[in-house]
Each structure stands twice: as structure tokens, then as C-alpha cells.
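The values are calculated or read from the model by the stated rules, or taken from the named source; none is laboratory data. Computed from a prediction, not measured in an experiment: that's the story for all the values here. In this analysis, Cβ positions are derived from the backbone assuming ideal geometry, glycine residues included, and neighbour counts consider all displayed protein chains.
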Amino acid sequence: MTDVFVYLVDLPPGIHEMTAPCIDGYTVYLNSADGAEVREKSYLHALEHIRNGDFEKSDVQAIERRTHGNEKDCNLYEGINGQTSAGGRLDPGSA
């Protein structure tokens, strides 16, 4: 199983999560200003990308269309409540 490290941090408004590969797995940053429900949805979104091996892929539009289950274009990805957001990942075995 891949290790996922999760931190609550101050992110700009509208950015719900950000994920980065690290030497031991992945680091997920969740927006501390978001409520518990939004943070949970953001976490699950990040897990989906980790499970799908998306950090090893280069076509961001195709990744986001598959993750969101539609064919529309995405600006990075359209996050919670339709807001544009960036990145995402967490413990792939916990959800």
C-alpha cells in the first residue's frame, strides 16, 4: 500500500486540495478553511487519482474527464461545488 500523508493547510479560496508525489508515497494538502464534508470529498477525489496512477500520466484533460465521469473540458479539475481546483491524493486503501 502507498503511504499518504495528509495536512490541513491554508490554501487560496476555491482550492480544496492539492496533492504531490513524495519519496514515501503522496502528500495531500486539504484546505483548512473548508468544512468537514468538503474536505472528505476532496480527500476521496485525491484517492481516486492515486488509485488510478494519474501522477504517472500526462493528459490532464483525459484524467479529469475519467475521474469526473464526463467529457467536458476541465481547468485542472472542477472541484467541489463546481469551483476550479488543483491536485489531490490520500491513503488509497482507506476509502
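Pick from region 15-50 the residues that are more than 13 Å from the chain's Cα centre (by Cα) and surrounded by 12 or more Cβ atoms within 10 Å (Cβ to Cβ): which of them is modelled with the lowest pLDDT? Spell out the reasoning first.
Taking region 15-50 and keeping what is more than 13 Å from the chain's Cα centre (by Cα), we get 22-25, 32-37.
Going one step further and asking which of them are surrounded by 12 or more Cβ atoms within 10 Å (Cβ to Cβ), we end up with 22, 25, 33-34.
Numbers: CYS22: 90, GLY25: 93, ALA33: 97, ASP34: 97.
So the residue we want is CYS22.
Consider only pairs whose beta carbons are under 6 Å apart and that are at least six residues apart or on different chains; among these, list those whose first residue lies in region 42-67 and is among the basic types (Lys, Arg) and whose second residue is at pLDDT below 70.
ARG51/PRO92; LYS57/ILE63; ARG65/GLU71
How many of the residues making up region 16-60 are in contact with a Gly (Cβ under 8 Å, 6 or more places away or on another chain), under 17 Å from ASP3 (Cβ atoms) and of a type in the set (Gly, Ala, Ser)?
So the count comes out to 2.
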